[in-house]
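Take a look at the structure set out below.
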Amino acid sequence: MTKNIAEDEIAHIFLTHHDNDHLEGLRFFIGKMSQVREITVPLYQNEITLIARAILNLKGIGKSTDCNEFTKALIEIVNNQVFIKTIVEGKRGECPKLSFAYEGKYFCHHIECLNPPLIIDSYDWIHEVGERDLIQLMSDVFTKEFVREMEIYIRSNSTRYSNIVDSQEFNRFWLYGENDRGRETSDAKCNYVLNFMMQNRELFKKFNEKSTRDNLKEIYKNYVKCTHDVCMVLKTFFEDKKMLLTGDASKKVFKRLIREGKDISATYLKMPHHGSKHNMNKKILSEISPEVAIISHDNGHFGSAKDTHPNQEILELLQNEKIKILLTNDVKKGDVIIMKKDNHDKDYYVNIL
Ligand SMILES: [Zn+2]
């Protein structure tokens, strides 16, 4: 994302996923929204927000005491979406339009979306378990109000979300835009949400019984993982070069693309998840076969402090493969700088601001 936008420039903003560190750049556009033509979010954006709300509506949340770190992050996710909604639902002609991205969709002829897939692979909960039993299962773990919402959500699945519009809670955060592929994808979207709920049911129960930080941490970790599976991945073409923009895409995303024989090769690779070792390996890197790897990072930590961003193993992997590294910040090990941004911030095509 650019640091600033000139008076006469028109922008198209792609929000790879909902995390704060990927949305913060939006503030550079405040007051300049008339210059933003379009905002694109991944196809499963609404569902990700719905799952965040589900966790916030676990019966145990009210009595939890040391869970702030996670509840705050989840509330931020919902608030971010409300913020996007206010931006795109302003006065017509003065606000950007909203669109959804999925595999196979092209933007401006030179940007191809590779992830999320139109239909994300999941167990068919709606048809295998059925509405009534699903709602019964929900009422064991979620607050009454939220179960009511899930009831609306599951029922509206067959009517292309038409009931959602009438629901106050949904109307607060639900995004409507171009290419949501409505009925065609509604089963897949609903199953994606239900999949998270069903697979984490035992963890939900455990948390409701003992509402501790550790018990919520496990749920939160699974949530982050499942959102990284539907993170937007874009391939852009310029002259004879290709660039792969990966957001925080998980290994699962790359493995799927490789399995399905998709061409993920690129001259430039924006390293997924700030250079975390959980999102990249040698096999995936060799399929992409980049000349240059861009690491956008702030020496952050994710979960356990062992996985620093960027991770030493990833830096070594890139060096061993003789891939040029471009950095947005100095890389530190403790307080010691081990790689300086200045030596790494530009090449012929890319200049890091
Ligand atoms: Zn991130």
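The values are calculated or read from the model by the stated rules, or taken from the named source; none is laboratory data. Computed from a predicted model, the values in this text were never measured in an experiment. Counting neighbours? That spans all protein chains shown, and the Cβs are built from the backbone with ideal geometry, glycine included.
Check off (1) surrounded by 19 or more Cβ atoms within 10 Å (Cβ to Cβ); (2) assigned to a helix (DSSP H, G or I) for E184 and give me the number that stays unchecked.
(1)
Which members of region 271-297 meet the condition of being out of contact with any helix residue (DSSP H, G or I) (no Cβ under 7 Å at 6 or more places or on another chain) and away from the ligand (no atom under 16 Å from the Cβ)?
K283, S286, I288, S289, P290, E291, V292
Could you check region 322-331 and list, in sequence order, the residues that are at pLDDT below 90 and within 16 Å of S276 (Cβ to Cβ)? Show your work before the answer.
The initial filter retains those residues of region 322-331 that are at pLDDT below 90, namely 327-331.
Within region 322-331, L327, T328, N329, V331 meet the criteria.
Got a number for residues in region 187-223 being in a helix (DSSP H, G or I) and in contact with a Lys or Arg (Cβ under 7 Å, 6 or more places away or on another chain)? Show your work before the answer.
Here is the first cut: in region 187-223, the ones in a helix (DSSP H, G or I) are 187-199, 201-209, 213-223.
Now restrict to residues that are in contact with a Lys or Arg (Cβ under 7 Å, 6 or more places away or on another chain): 208, 215.
Residues meeting the conditions: 2.
Among the listed residues R155, R181, R201, identify the single one that is modelled with pLDDT under 90, in the same structural domain as T86 (by TED's automatic domain parsing) and more than 17 Å from V41 (Cα to Cα). I'd like the intermediate steps shown before the answer.
Details: R181 fails: more than 17 Å from V41 (Cα to Cα); R201 fails: modelled with pLDDT under 90.
When all the criteria are applied, what remains is R155.
Go over the candidates K282, K306 one by one and state the one that is of a type in the set (K, R), out of contact with any Asp or Glu (no Cβ under 6 Å at 6 or more places or on another chain) and at pLDDT 90 or above.
Working: K306 fails: at pLDDT 90 or above.
Only one candidate passes the filter, namely K282.
Tell me the residue from K97, K85, K72, K91 that is surrounded by 15 or more Cβ atoms within 10 Å (Cβ to Cβ) and either hydroxyl-bearing (S, T, Y) or in the same structural domain as R181 (by TED's automatic domain parsing) (or both), please.
Details: K97 fails: surrounded by 15 or more Cβ atoms within 10 Å (Cβ to Cβ); K72 fails: surrounded by 15 or more Cβ atoms within 10 Å (Cβ to Cβ); K91 fails: surrounded by 15 or more Cβ atoms within 10 Å (Cβ to Cβ).
Answer to the check: K85.
A quick yes/no check of all residues on (1) of a type in the set (F, W, Y); (2) crowded, with 21+ Cβ neighbours inside 10 Å; (3) outside the structural domain of Y102 (by TED's automatic domain parsing):
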| position | (1), (2), (3) |
| --- | --- |
| E209 | no, no, no |
| R213 | no, no, no |
| L216 | no, yes, no |
| Y223 | yes, yes, no |
| D248 | no, yes, yes |
| R259 | no, no, yes |
| K262 | no, no, yes |
| S265 | no, no, yes |
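Identify all residues within region 123-139 that are surrounded by 13 or more Cβ atoms within 10 Å (Cβ to Cβ) and under 22 Å from L58 (Cα atoms); write none if there are none.
Result: W125, I126, V129, E131, L134, I135, L137, M138, S139.
Please go through region 27-56 and give me each residue that is among the polar types (S, T, N, Q), over 11 Å from I75 (Cα atoms) and crowded, with 18+ Cβ neighbours inside 10 Å, ordered by number.
Filtering region 27-56 down to residues among the polar types (S, T, N, Q) leaves 34-35, 40, 45-46, 49.
Add one more test, that the residue is over 11 Å from I75 (Cα atoms), and what stays is 34-35, 40, 45-46.
Within region 27-56, T40, Q45, N46 qualify.
Does K206 satisfy being among the basic types (K, R), touching a helix residue (DSSP H, G or I) at 6+ places or on another chain (Cβ under 6 Å) and either modelled with pLDDT under 95 or over 16 Å from F146 (Cβ atoms) (or both)?
Details: among the basic types (K, R): yes; touching a helix residue (DSSP H, G or I) at 6+ places or on another chain (Cβ under 6 Å): yes; either modelled with pLDDT under 95 or over 16 Å from F146 (Cβ atoms) (or both): yes.
For K206, the condition - among the basic types (K, R), touching a helix residue (DSSP H, G or I) at 6+ places or on another chain (Cβ under 6 Å) and either modelled with pLDDT under 95 or over 16 Å from F146 (Cβ atoms) (or both) - is met.
Taking the options L114, L137, L118, name whichever one is in contact (Cβ under 8 Å) with a residue 60 or more places away in the chain, part of a loop (DSSP other than H, G, I, E, B) and of a type in the set (A, V, I, L, M). I'd like the intermediate steps shown before the answer.
Numbers: L114 fails: part of a loop (DSSP other than H, G, I, E, B); L137 fails: part of a loop (DSSP other than H, G, I, E, B).
On inspection, the qualifying residue turns out to be L118.
Looking at region 224-273, which of its residues are in a helix (DSSP H, G or I), within 23 Å of L315 (Cα to Cα) and without any contact (Cβ under 8 Å) to a residue 60 or more places away in the chain? Working first, answer last.
We begin by selecting, within region 224-273, every residue in a helix (DSSP H, G or I); these are 224-228, 251-259, 272-273.
Within this subset, residues satisfying the condition of being within 23 Å of L315 (Cα to Cα) are 225, 228, 251-255, 258, 272-273.
Hits for region 224-273 are K225, K251, K252, F254, K255, I258, P272, H273.
So, in region 3-21, exactly how many residues are hydrophobic (A, V, I, L, M, F, W, C) and at pLDDT below 80? Walk me through it before giving the result.
Within region 3-21, the first condition is being hydrophobic (A, V, I, L, M, F, W, C), and the residues that meet it are 5-6, 10-11, 13-15.
Applying the additional criterion that residues be at pLDDT below 80 yields 5-6.
Selection size over region 3-21: 2.
Show the residue pairs meeting these rules: Cβ distance below 6 Å; 6+ apart or different chains; first residue within region 153-167 and aliphatic (A, V, I, L, M); second residue at pLDDT 70 or above and part of a helix (DSSP H, G or I).
Going by the 6 Å Cβ cut-off, the qualifying pairs are I154/E131; I164/S156; I164/F170.
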